[in-house]
Amino acid sequence: MFSYDLQSKKTQQLSNELFAINYIVPTTKTGPIILSAVKKGERVLKTVLYDKQNHKLEFMDDKDLDSNTWAVSYNTEVNKTYLARFSENEREKQRNISNKQQKAMVPPDYTVVELNNETKQERPIISLKKEQIISLSSTGNQLFLITSPSINRPPIEYSLVESKTGERRKLDLPISSRSDVYLSHDAKGIYYLGSTSKQDVNKGRGIYYYDFATKKIEPVFLQENGFINNFMLVSRE
């Protein structure tokens with residue numbers, strides 16, 4: 001992991017203990033950076049906290065060699081992080097069944113937990129049976145989930161989950177994005193990377209805002225030259 005100073009234009013290496021990094025999620029100015037990363041010599045994606053003041057990595061549940069942290073979202077309003085996890089052993093079991101039967105792979109169970117960034121305590125929010133959580137975002141007491149009952153194939157489903165109760169409500173949205181979808185800070189809509197067409201995902205590809213109430217899609221930034229791979233919605237503060 002590296003940092004780049006926009007003023008001094010200097011690059012600094014922050015870690016060398018990691019084999020791979022899936023997510024880098026900033027929190028507060030003095031708070032940790034939350035990572036989903038693989039430690040050298042291991043294979044599971046762990047929840048990792050990087051202390052910016054002491055320049056140290058803290059591996060949550062370091063002895064756990066089964067839990068994979070698949071998706072990460074930081075909530076600025078409550079200063080908590082939401083993590084989607086699954087069992088590596090269960091995934092391997094489902095993969096072996098899929099290969100043996102020559103059928104589409106069924107996902108392992110996924111669980112969303114709430115991490116208190118200050119106390120490091122975790123609280124389970126919701127568990128999904130044989131349903132993959134592809135991505136998630138959060139604001140206030142709402143979580144936005146992108147899920148699928150299959151691995152790397154349709155259908156894609158969208159849901160809102162109350163973080164306090166775990167109550168889930170599925171949404172019918174006119175999009176087909178699998179990632180880079182963020183709940184707006186007022187929870188009244190989503191920002192997403194994709195198009196206005198469910199059939200042609202590259203038609204007018206760019207960043208859009210979808211309003212839950214009006215059901216209207218508004219362009220935010222359309223790619224003209226080049227290709228947008230990822231984007232992140234951050235707090236104005």
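Within the stretch 161-173, residues that are surrounded by fewer than 15 Cβ atoms within 10 Å (Cβ to Cβ) reach no partner that is modelled with pLDDT under 95 and not aromatic (F, W, Y) with beta carbons closer than 9 Å at six or more positions or on different chains. Just one of the numbered conditions (1) of a type outside the set (S, T, N, Q); (2) at pLDDT below 95; (3) surrounded by fewer than 14 Cβ atoms within 10 Å (Cβ to Cβ) is not true of P26: (3). Which pairs have Cβ atoms under 9 Å, sit 6 or more apart or on different chains, and link a residue in the stretch 43-57 that is without any contact (Cβ under 8 Å) to a residue 60 or more places away in the chain to one that is among the small types (G, A, S) and surrounded by 21 or more Cβ atoms within 10 Å (Cβ to Cβ)? Every condition considered, the pairs that remain are L45/S36; L45/A37; K46/S36; K46/A37; V48/S36; V48/A37; L57/A37. Annotation: R95 fulfils all but one of (1) buried (at least 20 other Cβ atoms within 10 Å of the Cβ); (2) more than 27 Å from Y4 (Cβ to Cβ); the unmet one is (1). The condition of being at positive phi and exposed (fewer than 12 other Cβ atoms within 10 Å of the Cβ) does not hold for Q121. Residues in the stretch 177-188 that are under 23 Å from Q132 (Cβ atoms) and surrounded by 17 or more Cβ atoms within 10 Å (Cβ to Cβ): S177, D180, V181, Y182, L183.
When the stretch 143-155 is filtered for residues that are modelled with pLDDT of 95 or more and either basic (K, R) or surrounded by fewer than 19 Cβ atoms within 10 Å (Cβ to Cβ) (or both), the ones remaining, listed by number, are S148, P149. As a summary of the residue check, K120 satisfies the conditions (1) farther than 22 Å from E90 by Cα; (2) assigned to a strand (DSSP E or B) except for the one numbered (2). Here is the figure for the stretch 45-72: residues that are of a type outside the set (S, T, Y) and either in contact with a Phe, Trp or Tyr (Cβ under 7 Å, 6 or more places away or on another chain) or surrounded by 18 or more Cβ atoms within 10 Å (Cβ to Cβ) (or both) total 9. Among the criteria (1) of a type outside the set (D, E); (2) modelled with pLDDT of 95 or more; (3) in a loop (DSSP other than H, G, I, E, B); (4) out of contact with any helix residue (DSSP H, G or I) (no Cβ under 8 Å at 6 or more places or on another chain), the one P107 does not fulfil is (4). Taking the listed residues Y208, Y191, the one that is surrounded by 15 or more Cβ atoms within 10 Å (Cβ to Cβ), at negative phi, touching a Pro at 6+ places or on another chain (Cβ under 6 Å) and assigned to a strand (DSSP E or B) is Y208, with no other qualifying.
Looking only at the stretch 60-76, which residues are farther than 15 Å from V25 by Cα and in contact (Cβ under 8 Å) with a residue 12 or more places away in the chain? Of everything in the stretch 60-76, those that are farther than 15 Å from V25 by Cα and in contact (Cβ under 8 Å) with a residue 12 or more places away in the chain turn out to be M60, D61, D62, D64, L65, D66, S67, N68. For the stretch 123-172, the set of residues classified as of a type in the set (A, V, I, L, M) and not in a strand (DSSP E or B) consists of I151, I156, listed by residue number.
The values are calculated or read from the model by the stated rules, or taken from the named source; none is laboratory data. Not measured: the values here are computed from a predicted model. Every residue, glycine as well, gets a Cβ built from its backbone with ideal geometry; the counts of neighbours run over all protein chains shown.
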